[in-house]
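Working notes for the structure below.
The values are calculated or read from the model by the stated rules, or taken from the named source; none is laboratory data. If you're wondering where the values come from, they're calculated on a predicted model, not measured in any experiment. Positions of Cβ are backbone-derived with ideal geometry, glycine not excepted, and every protein chain shown enters the neighbour counts. Just so you know, the surface numbers come from the protein's heavy atoms only, side chains and all, with ligands and any DNA or RNA stripped out. Shrake-Rupley method; radii C 1.70, N 1.55, O 1.52, S 1.80 Å.
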Amino acid sequence: MRFLGSIEAKADAKGRVFLPASFRKVLQAAGEERLVMRKDVFQSCLVLYPESVWNVQLDELRSRLSRWNKDHQRIFRQFVSDVELLTLDGNGRFLIPRRYMKMACINQAVKFIGMDDTIEIWSNDEPDVPFMNPDEFSSALEEIMQTKTEND
């Protein structure tokens with residue numbers, strides 16, 4: 001399952017938004033019916049996980065944490081407590097609850113960004129925020145790819 005691309009959309013007054021058709025097709029082809037939404041751990045955006053991807057992430061996190069360590073339990077609790085289970089309606093829409101819109105600084109304009117096996121939702125009020133400038137990007141990519149080639 002691969003989500004690729006960047007697609008702009010608008011939420012209606014109630015916070016409903018259409019999941020882009022190209023992303024819906026990927027979900028349908030994979031037989032996914034539900035999504036899990038949570039705020040990103042590092043940035044001011046929301047992340048949509050197909051349920052199967054969420055379960056793999058959750059299993060991986062749980063395998064690295066001890067149930068007998070109070071700090072590990074707090075990390076796990078925080079990760080799983082503020083999630084929203086979503087099902088698209090017949091038109092391909094879903095609701096972004098107000099508290100999530102606030103967390104991600106979303107008014108109405110949003111940008112969906114395919115991130116391989118997840119989808120990010122960003123406020124589109126500042127469209128350049130999720131990206132590096134072109135010079136930073138090319139330098140960083142060059143460094144990463146050279147390092148990988150040297151290590152192979």
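Structural remarks
- Taken together, Q108, Q146, Q78 contain a single residue that is open to solvent by 50 Å² or more (accessible area, probe 1.4 Å), within 28 Å of L61 (Cα to Cα) and polar (S, T, N, Q), which is Q78.
- The range 1-11, residues that are over 12 Å from T118 (Cβ atoms) and either open to solvent by 60 Å² or more (accessible area, probe 1.4 Å) or free of Cβ contacts under 8 Å to residues at least 40 places away in the same chain (or both): S6, E8, K10
- Filtered residues of the range 94-122 (kept if in a loop (DSSP other than H, G, I, E, B) and closer than 17 Å to F42 by Cα): A104, C105, I106
- Qualifying residue in the range 38-60 (condition: of a type in the set (F, W, Y), open to solvent by 90 Å² or more (accessible area, probe 1.4 Å) and in a loop (DSSP other than H, G, I, E, B)): yes
- Enumeration of residues in the range 37-76 that are closer than 30 Å to N124 by Cα and polar (S, T, N, Q): Q43, S44, S52, N55, Q57
- Being under 21 Å from the mean Cα position of the chain (by Cα) and open to solvent by less than 30 Å² (accessible area, probe 1.4 Å) is a property that holds for P97.
- Listed conditions (1) part of a helix (DSSP H, G or I); (2) open to solvent by 20 Å² or more (accessible area, probe 1.4 Å); (3) within 20 Å of I7 (Cβ to Cβ) are all met by L27, apart from (2).
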